[in-house]
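Scroll down for the structure; my scribbles are underneath it.
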Amino acid sequence: MKPAAFDYVAPHTVREAVDALGDTWRDVRVLAGGQSLILEMHMRRICPDLVVDINHVAGLDRIGLDDGTVRVGALVRHQVFESPQAVPGPLGRLCANAVVNIAHPPIRTRGTLVGSIAWAHPASEWCAIAVALDAVIEVRSSGGVREIAARDFFLGPLQTARAPDEIITSVRFPLLGGSTGVGFVEHRRTHFCFAQVAVAAAVTVHDGLIVDARIGLANCADRPVRARAAERVLIGADVSAANDHPFADAALAGDHQPVDHPFGDADLAGNRLPADHPFARAGRAAADEDAAPVDEPYADPEYRRQVIAVLVGRTLRQAVADWRSHAEPEGGLR
Amino acid sequence: MKLWTRREDARLLTGHGRYVADLVVPGCLDAAFVRSRVAHGLIREVDCSAAREVPGVVGAWSAADLSELPVCANEAAHLQDLPPVPRTMLAKLSTEDAVNGREWPSLAKDRVRYAGEAVAVVLGEDRYRAEDGAAEVTYRIDPLPAVVTPAAGAADSVSLFDGLSNVAFRGTAGEPIEEVVWRRAAAVVEARYRQQLLLPTPMECRTILAVPEDGRLTVWSGHQMPHRLRLELAKSLGWPAERVRVVVPDTGGAFGSKSATFPEYVAVVFLAVKLGRPVRWIEDRMESMSVATRGRGQDQRVRLAADEDGRLLAYELEIDADVGAYPHLGVGLPMQTAWMATGPYMTPRVHATVRSVLTNTMVTYPYRGAGRPEATAALERSMDVLARRLGLDPAELRRRNLIPPESFPYQTPTGRRYDSGNYAAALELALETIGYDAWRAEQARRRARPDALPLGIGLACYVERSGGEPGGLHDFAGVEADEDGAIIAHCGAASSGQSHETTFPALVARTLGVDEYRVRLVEGDTDAQPEGLGSFASRSAQVDGAALQNAALLFAERARERAAELWGVPVEEVEWSGGTLYPVRDGSAGMDLTELVKATGPLRVHERFESGMGFPFGAHAAVAEIDTELGVVRVLRLVAVDDSGVVLDPAVVRGQAFGSAVQGIGQALYEGIPYGEDGVPLMANGLLDYLVPTASEIPPIEIKDTCTPSPSTPLGAKGAGESGCIGSPAAIVNAVADALQIADPDLLQMPLTPDVVWRAARAPKYEEA
């Protein structure tokens, strides 16, 4: 597990980085956190001719806000998002819920959100959120700046619309309004492994009814999936009875955290949604129509569809609970 | 002030440990192996020429380039004072037939038999250069169909060795059971279990550094049996053993996987001697996952019969063992399961049969538990099914059948003679500790509410064997006093993390009545300790501990004799007390050991000590609840009650119990090697694919013990290193089966991953009795 020899440059400006990427005859890779790249290089599955280390490029480590969007620079580490205040409003809570599922705390101090988008692993939490929220990926090359919608960006496992001479400088997410609740639930075999399925949801509620829903699925196909069929089921759904169920508690949402129940406190009655509940129907729609799960050990497509259906339901409950506990008073911001 | 729990902690926990990879030897070359991506195939060509042109590469060889390279498993079998592995004729663990014609080459010659088998070796100035060279080696292998399961292997439609069956070994324990016994029984449980292949996964992978110097060879290796390694390597080189010195520095875990002489070791040592240069191989994690030994690997079929009162009548266990591509120790290992098939019960008829089948994977080998987890899992799963059939509480069924304390020594139908035990006491303590009745009440409460998460309680009683098999139950130990009065204890054990530096000096000091810091331990160096067997089979405390105690007593005796001679009095008139010798009669001031050796010269005792087999036992209990929508198992409680006889250091034994319980949880819930149809393991991302439990997955574990001294040695200690791997998996699987109330035990095969449990949760439930 030793990488093959490679050339290395550490530019100080985006322009210098772009220039380094311009030599398309060679295999050039951008190093930010190195969360995946270093591992792949050690296994010699990637043997770059040149590594462009962007860690010294000024200005890429910022989260910027403008005009209803948040711009995440290419050097913003996962760890930053552990604080729900890193990004305003429900989006901050969604990022905070999602980020704790990524690797271990030490890795989160190195790995970056933009790096995850660039790597485009089908199980990536950030990629699922990006497609759910219609994020925009900003890339730059010597030819100038290009913006790519997340729905057009992910082409398959580890495959994106980024050209070899382009560098992702930032990813823009739309901020979510005050009447939006968010949820993120992940299912995996241990804390330290890829998601078998992860679901991100943002539901906007008006007068007790869902008026907008965004659902992103991780590891449910060869690329991140926006669950549009599931979203359609939800429009107009009544949320009044949706969080009567304790599964809105993240600790019970497919997580493996050992639960030290005292007697009698383990009453998890009512954890199943009735089959005709809109969230259950959304789950089935996501599993049957939106997802295209591939076979992998311990998660064949049949099982994966089951997990998708269940997790979508649980994530929606979490999102409604989130909305309920954070919703601004009627007449406030939506 | 005592800052650390163990003496070695000051070094190991502050990053000052020195492992083989930390040793700096000028001019040392690093080896990298070119490994087959094909599990089974005929080698047409291996071309190393491009590798030799790579800067920093010193040499690259295929088997064809190194015709004089010795084979891996050689005839060291019959060397004296060694458990004769790999041929392992000892204790009928194997036969000539198993190994004849099935040679394990150190580099694959014309055929590869497992994915990852080395087809070439490259030496570089460092590991980077060596891997650069390895990347340039090309090979052509024509694939053959791969044999992935024992059943497929036994069918012999594809042979791993031309003209020979894939069934390398057959064995039995106990007498066949007449059909009438099954016909007349009130209840007969039939089931099939898979004991999946596991990876031992030590923190430090395998290591070897060979340094030729002045006609000798010093070999540094993280190893469990340095003396065996010395003999086998010397045999490979055609050298007398004295020309080879093996040193075991700090070692980051073994769990059974570091006691053999591996193909890579032979190649490294051979090339070091051939080139006259130091050469090392530091196995990396990806290599380890593809070519380190595997543990377990049994397909089992069982029948268990009882009368209407729940008294066991008969138990039959058929084992198809997956022993990997070459017949090594794993061939005989399933006999351990057969011999231990009786378990802790008074079953009058027990019959176990073994078929050891070659498959296209790296060899199976002892892994923490080594044959006993397989025996316990099969029997204890079946006991729970039987309890349900009979409408008995699983604890009550066990109570009615446990061998009572007054029956020891107990001769089992499968040929074991259990030394001592109070099995019921362990069970009762486990039930009390976990709060068995309260959990049953909670279970009833939940069962009354169909929307509550199902909860189950699982038990597993076990008895295992420690120390080794006859012929390998001895070791060598010594106690010495230098002229400065320091006491040195040495023994044939070799720690790979088991606290010997703490435990053994304390034991010797207690025996001699001196301060424990006056005693220092030397082990794991074949020059310093000329003879030894090593650390395996949970034997170090039991055998080497007793050997050290014996040596210490003899040492005090010799000191008294010397003093008696010096003073011209009969030896009966000299007393040893706290490191000082006193003349009994005249009441004058005593003579310290330091003064004695100054006056009479260094004092040395070195003895061979023979132990009997020990049979540790215990009872484990688990509570689990199931998220049936996802199939997730949450272990809410795990209780391990273990009896390892006289405990030398309670904290160290607790550590062993805890660590092994965590590995038991790993087998029950997480660990497994998925194989593709082509016989290649599907673990491209290493430990992201093969999941071991981490701190986040560990449930509340409570560890308790009972103490039934072993009569096998004066020390009374039994082995303590493997208990959790043996008792915990069955307890956890039983808890899941109890929660789901599934009718068909075959549905719950380890690891109980969420997909397996989700499917089992949808299967028909048994009728409530």
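The values are calculated or read from the model by the stated rules, or taken from the named source; none is laboratory data. Values in this document were obtained by computation on a predicted structure and should not be read as measured data. Positions of Cβ are generated from backbone atoms using ideal geometry, with glycine treated the same way; all protein chains shown enter the neighbour counts.
Is one or more of the residues making up region B:97-112 modelled with pLDDT under 50 and within 30 Å of B:Pro530 (Cβ to Cβ)? No, because not a single residue in region B:97-112 is modelled with pLDDT under 50 and within 30 Å of B:Pro530 (Cβ to Cβ).
In region B:237-262, the qualifying residues are those that are in contact with a Ser or Thr (Cβ under 7 Å, 6 or more places away or on another chain) and surrounded by fewer than 24 Cβ atoms within 10 Å (Cβ to Cβ), and the one that is nearest to B:Ser36 (Cα to Cα) is B:Gly253. Inspection of region B:312-320 identifies at least one residue that is within 22 Å of B:Ser165 (Cα to Cα), among the hydrophobic types (A, V, I, L, M, F, W, C) and touching a residue at least 12 places away in the same chain (Cβ under 8 Å). Applying the selection to region B:713-769, what residues are among the basic types (Lys, Arg) and crowded, with 24+ Cβ neighbours inside 10 Å? Within region B:713-769, B:Lys718 is the sole residue that qualifies. Restricting the first member to region B:50-70 and to residues that are more than 16 Å from B:Glu264 (Cα to Cα) and in the same structural domain as B:Leu123 (by TED's automatic domain parsing), and the second to residues that are among the basic types (Lys, Arg) and crowded, with 20+ Cβ neighbours inside 10 Å, the beta-carbon pairs closer than 6 Å and six or more apart or on different chains are B:Gly56/B:Arg129; B:Val57/B:Arg129. Among the residues of region B:512-524, just one is in contact with a helix residue (DSSP H, G or I) (Cβ under 6 Å, 6 or more places away or on another chain) and under 12 Å from B:Gly578 (Cβ atoms), namely B:Leu512. Every condition in (1) free of Cβ contacts under 8 Å to residues at least 60 places away in the same chain; (2) more than 26 Å from A:Asp290 (Cβ to Cβ) is met by A:Gly68 except one, and the failing one is (1).
Restricting to region B:605-620, name every residue that is more than 17 Å from B:Asn550 (Cα to Cα) and small (Gly, Ala, Ser). Listed by number, the residues that qualify are B:Gly614, B:Gly618, B:Ala619. Taken over region B:410-459, the criterion of being of a type in the set (D, E, K, R) and either within 13 Å of chain A (Cβ to nearest Cβ) or in contact with a helix residue (DSSP H, G or I) (Cβ under 9 Å, 6 or more places away or on another chain) (or both) is satisfied by B:Arg416, B:Glu428, B:Asp437, B:Arg440, B:Glu442, B:Arg445, B:Arg446, B:Arg447, B:Arg449, B:Asp451.
Applying the selection to region B:340-357, what residues are out of contact with any Asp or Glu (no Cβ under 9 Å at 6 or more places or on another chain) and either crowded, with 24+ Cβ neighbours inside 10 Å or not aromatic (Phe, Trp, Tyr) (or both)?
As a first pass, look at region B:340-357 and keep what is out of contact with any Asp or Glu (no Cβ under 9 Å at 6 or more places or on another chain): B:342, B:344-348.
Result: B:Thr342, B:Pro344, B:Met346, B:Thr347, B:Pro348.
Among strands (runs of 3 or more DSSP E) entirely within region A:116-208, having at least 1 residues that are among the hydrophobic types (A, V, I, L, M, F, W, C) and within 14 Å of chain B (Cβ to nearest Cβ) singles out A:180-187, A:197-206.
Against the test of being away from chain A (no Cβ under 14 Å), in contact with a helix residue (DSSP H, G or I) (Cβ under 8 Å, 6 or more places away or on another chain) and within 30 Å of B:Glu469 (Cα to Cα), the options B:Cys707, B:Cys725 yield a single qualifying residue, B:Cys725. The residues on offer are B:Ala460, B:Ala438, B:Ala489, B:Ala494, and the sole one that is in a helix (DSSP H, G or I) and either touching a residue at least 40 places away in the same chain (Cβ under 8 Å) or surrounded by fewer than 16 Cβ atoms within 10 Å (Cβ to Cβ) (or both) is B:Ala438. Annotation note: Cβ proximity below 8 Å between a residue of region B:620-631 that is farther than 18 Å from B:Asp451 by Cβ and a residue that is assigned to a loop (DSSP other than H, G, I, E, B) and of a type outside the set (Ser, Thr, Tyr) (sequence gap 6+ or interchain) occurs for no pair. Of all the residues in region B:226-244, those that are within 16 Å of B:Ser259 (Cα to Cα) and at pLDDT 95 or above number 1.
Quick check on region B:184-204. Is at least one of its residues among the acidic types (Asp, Glu), in a strand (DSSP E or B) and more than 29 Å from B:Ala254 (Cα to Cα)? Full working, then the answer.
Within region B:184-204, the subset among the acidic types (Asp, Glu) is B:190, B:204.
Add one more test, that the residue is in a strand (DSSP E or B), and what stays is B:190.
From what is left, the residues that are more than 29 Å from B:Ala254 (Cα to Cα) are B:190.
Taking every residue of region B:184-204 in turn, at least one turns out to be among the acidic types (Asp, Glu), in a strand (DSSP E or B) and more than 29 Å from B:Ala254 (Cα to Cα).
Residue count for region A:2-37 satisfying the condition of being within 14 Å of chain B (Cβ to nearest Cβ) and over 18 Å from A:Ile168 (Cβ atoms): 5.
What about B:Leu429, is it closer than 18 Å to B:Ala622 by Cα and either charged (D, E, K, R) or buried (at least 24 other Cβ atoms within 10 Å of the Cβ) (or both)? Here the answer is no, as B:Leu429 does not meet what is asked.
Under the condition of being crowded, with 20+ Cβ neighbours inside 10 Å and touching a Pro at 6+ places or on another chain (Cβ under 8 Å), the residues counted in region B:509-523 number 2. Within the bounds of region B:382-404, is there any residue that is under 21 Å from the mean Cα position of the chain (by Cα) and not in a loop (DSSP other than H, G, I, E, B)? No: region B:382-404 contains no residue that is under 21 Å from the mean Cα position of the chain (by Cα) and not in a loop (DSSP other than H, G, I, E, B). Against the test of being closer than 20 Å to B:Val736 by Cβ and among the small types (Gly, Ala, Ser), the options B:Gly467, B:Gly492, B:Gly435 yield a single qualifying residue, B:Gly435. Inspection of region B:263-283 finds no residue satisfying the criterion of being farther than 30 Å from B:Tyr128 by Cβ and either free of Cβ contacts under 8 Å to residues at least 40 places away in the same chain or of a type in the set (Val, Ile, Thr) (or both). Residue pairs whose Cβ atoms lie under 6 Å apart, separated by 6 or more positions or on different chains, with the first residue in region B:132-145 and farther than 14 Å from B:Ile43 by Cα and the second in a helix (DSSP H, G or I), are B:Gly133/B:Ala51; B:Glu136/B:Ala50; B:Glu136/B:Ala51. Look at (1) of a type outside the set (Val, Ile, Thr); (2) in a loop (DSSP other than H, G, I, E, B); (3) surrounded by fewer than 23 Cβ atoms within 10 Å (Cβ to Cβ); (4) at pLDDT 95 or above and you find that B:Ser710 fails only one, number (3).
If I filter region B:280-295 for residues that are surrounded by fewer than 21 Cβ atoms within 10 Å (Cβ to Cβ), away from every other protein chain (no Cβ under 14 Å) and outside any strand (DSSP E or B), do I get at least one hit? Checking region B:280-295: not a single residue is surrounded by fewer than 21 Cβ atoms within 10 Å (Cβ to Cβ), away from every other protein chain (no Cβ under 14 Å) and outside any strand (DSSP E or B).
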